[in-house]
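Here the structure is laid out as structure tokens; the discussion comes afterwards.
Quick note: the coordinates plus some simple rules give every number you see, no bench work behind them. These numbers were taken from a predicted model, which means no experiment stands behind them. As a convention, Cβ positions derive from the backbone with ideal geometry for all residues, glycine included, and neighbour counts pool all protein chains shown.
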């Protein structure tokens, strides 16, 4: 069930009133939202709802086991076992075939034939997201940030809540569980913000991401060597806009929907292509993942406490694993490692600034923005290319300077411009718009979403592709 | 595009937000169902066809017929044709 579909609209039209009607009966409301979330997840593969259930029950019990022990070493042992079980499940479904193939290839390279076989099982949608939610809960319990909840429904609700279930944002256990203790206050609904997040998300996904994808980017990446160098350059920038518009659309809609149901999700994007350093980029892109990696991986590894080289090692490990989290392939590992290397180089050069860094002059900030943007866009090629041959061919053809003709149509160029607007328009315009909307008469409040969705429908492509981050 | 930042919003929120939100959601859906009725009919036609869905489909067909008679559905088709002609994208 995709957000920009009639099916989801009908689903939400049922979930919204029932949620608020049950608001005074908090437990029943949560039971209802869990049931609705499992129904939402079952729309893809009903059998994988069992995975959601098993993960919830296991981590519910694991948290109690961790909390039961008094001594840190005991708690740590149970935590490790629970983390291993969570990662084992993720590894089985997502990484087994990748590691099996890599191992067989490595042995094959030294002339030893090893056949450990492959597994034929579909990858459960969103397994990486639900694993990170589960880990957040048991690690927070281990750190005594939160007490284990006595309610299994709360954990099922936290891990399975449908707006964030498929592609985030990754909501911290302590932040979310604090919202489940009692009825939600309807006065916390920020209607203007939610409406514009949902409308903006629909526009970014249905119009910008879909047309960039089907109208240009997919074709360029399908056979890079058959394209001109200029088209490959446009393809690289096009994919950068596409993945931003696709992924930020999902999380914007998720945040808006959750707010309409009375729940708060964290911000996930903040104009990432305005970043003036790679560190700045990771403060703006998929913020809930980067802060998760920082708090649950980088800092436990030692962070920057044990000297320069240990810090560099920890950055590289964090970013490489962060890359691998996205998918089981060498390309994702390379993508993450490249970002890790860039962060290390920035540290070596003392570049840690953002737009507010008073020590950097305007020229240095501008150069930082140009270099960061080019690096990020080049690295996306690894992320998007379907195989090693594809990205090798992509870069070889692009840098060879083969032909400077382009197949970009005026319509695709217009979509590029619309995508770029997402980073050019000042944020205060949207704040003003939301404020005006909140103050507008009811008729205007209804007409705005109707007209925007109507116009999006007029211009929508025939079918809506799944969100890119669904595969993760 | 503006991104969600729950800490950004300041100032009092109007009373009756839930009622307003409900009106906005349902009125928008009803207006869309009336102005683009064929999409609802197509969606229900693609379903399995249990008694509830069959009843909903009959209802959607009634709405579509009324919308067509009032000329509302034609506005959408005309707008879509103009968009396809201008953009050069593949027709449905």
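Miscellaneous remarks
- More than 38 angstrom apart: percent of Cα pairs within chain A: 27 percent
- Alpha-carbon centroid distance for the pair the range A:356-399 / the range A:402-453, whole angstrom: 25 Å
- Cα gyration tensor shape for the range A:139-248, rounded if a/c is under 1.5, else prolate or oblate: prolate
- Across the range A:278-421, C-alpha contacts under 8 Å between residues 6 or more apart give a mean separation that, scaled by the residue count, equals a relative contact order of 20 percent.
- Estimated 222 nm signal from helices in chain A, with DSSP H stretches of n ≥ 4 weighted -39500 (n - 2.57), rounded to 500: -21000 deg cm²/dmol
- Shape category assigned to the range A:6-184 from the gyration tensor of Cα positions, a/c cut at 1.5: oblate
- Chain A: relative contact order as a whole-number percent, Cα under 8 Å and 6+ apart: 19 percent
- Mean Cβ count within 10 Å, highest first, over the residues of peptides A:86-93, A:437-444, A:245-252: A:245-252, A:86-93, A:437-444
- For A:255-267, mean number of other protein chain Cβ atoms within 10 Å: 2
- The range B:30-87 - percent relative contact order, Cα under 8 Å, separation 6 or more: 40 percent
- Once the Cβ-Cβ distance of residue A:31 and residue A:143 is raised to the sixth power relative to R0 = 45 Å, the FRET efficiency obtained is 0.95.
- The spacing between the range A:199-240 and the range B:44-92, judged by their C-alpha centroids, is 29 Å.
- Over the range A:51-155, the pair-distance histogram of Cα-Cα distances with 10 Å bins from zero comes to 14, 37, 24, 17, 7, 1 percent, rounded to whole numbers.
- Shielding of B:22-35 by partner chains, average beta-carbon count, 10 Å: 6
- Relative protection proxy for A:73-85, A:22-34, from highest mean packing down: A:22-34, A:73-85 (other beta-carbon atoms within 10 angstrom).
- Packing rank of A:313-325, A:368-380, where each peptide gets the mean count of other beta carbons within 10 Å, highest leading: A:313-325, A:368-380
- If you take the alpha carbon atoms of the range B:30-87 and fit the smallest convex hull around them, that volume is 73 Å³ per residue.
- Peptide A:4-12, shielding by other chains (average Cβ, 10 Å cutoff): 3
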